[in-house]
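J.: First, the structure itself, so that you have it in front of you.
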Amino acid sequence: MAWGHSAHRVVGLIADQHLAPTAQNKIKEDFNITSLSTIANWADHIKRKRSQGPWHYANILEGERAYLQKRDCPDKDCVVEKVREFSVKISDRSLPISDKLKALKYLVHMI
């Protein structure tokens, strides 16, 4: 349970302390979120409902030193690729705010 409920909340609190003031203000203004700890566990609550378990990890072959997308996550269904995907979504001005909020929640949880 190293990454259980409490650990995600603690990491969210630590992340709050390292956010640039402009990022903190943007998160508060756009999403009405004053602490990342409040959304840190959202992805765990819905992962079973949406079959998103694989999004929480990446399997790299034993003995390998580097992540290679084609080998380690060919379907782009792992944490590395999802972090990339949601990072793009959160800054996409054409997406609705609800999609950006989901992207933020996933990023907070995964990172």
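J.: How about the range 46-100: which of its residues are of a type outside the set (Gly, Ala, Ser), farther than 26 Å from ILE27 by Cβ and not in a loop (DSSP other than H, G, I, E, B)?
T.: The answer is ARG48, PRO54, GLN69, LYS70, ARG71, ASP72.
J.: Could you grab me the full set of residues in the range 71-98 that are open to solvent by 60 Å² or more (accessible area, probe 1.4 Å) and either more than 21 Å from TYR57 (Cβ to Cβ) or in contact with an Asp or Glu (Cβ under 7 Å, 6 or more places away or on another chain) (or both)?
T.: Selection gives LYS89, SER91, ARG93, SER94, PRO96, ILE97, SER98.
J.: May I pose another question? Here are some residues: ALA103, ALA43. Which one is part of a helix (DSSP H, G or I), surrounded by 11 or more Cβ atoms within 10 Å (Cβ to Cβ), among the aliphatic types (A, V, I, L, M) and in contact (Cβ under 8 Å) with a residue 60 or more places away in the chain? Talk me through it step by step, then tell me what you get.
T.: Details: ALA103 fails: in contact (Cβ under 8 Å) with a residue 60 or more places away in the chain.
ALA43 is the lone residue from the list that is part of a helix (DSSP H, G or I), surrounded by 11 or more Cβ atoms within 10 Å (Cβ to Cβ), among the aliphatic types (A, V, I, L, M) and in contact (Cβ under 8 Å) with a residue 60 or more places away in the chain.
J.: Next question, about the same structure. Please count how many residues of the range 12-22 are surrounded by 11 or more Cβ atoms within 10 Å (Cβ to Cβ) and either under 16 Å from SER91 (Cβ atoms) or of a type in the set (Ser, Thr, Tyr) (or both).
T.: 1
J.: When both residues are 6+ apart or on different chains and their Cβ atoms are under 6 Å apart, which pairs have a first residue that lies in the range 3-19 and is closer than 12 Å to ALA43 by Cα, and a second that is open to solvent by less than 90 Å² (accessible area, probe 1.4 Å)?
T.: Taking only residues 6 or more apart or on different chains, the pairs are HIS5/ASN41; HIS8/ALA40; HIS8/ASN41.
The values are calculated or read from the model by the stated rules, or taken from the named source; none is laboratory data. What you see is a predicted model, and the numbers here were worked out from it, not measured in a lab. So basically every Cβ, Gly included, is an ideal-geometry build from the backbone, and we count neighbours across all protein chains shown. Heavy atoms of the whole protein, side chains included, go into the accessibility calculation; ligands, DNA and RNA do not. Shrake-Rupley method; radii C 1.70, N 1.55, O 1.52, S 1.80 Å.
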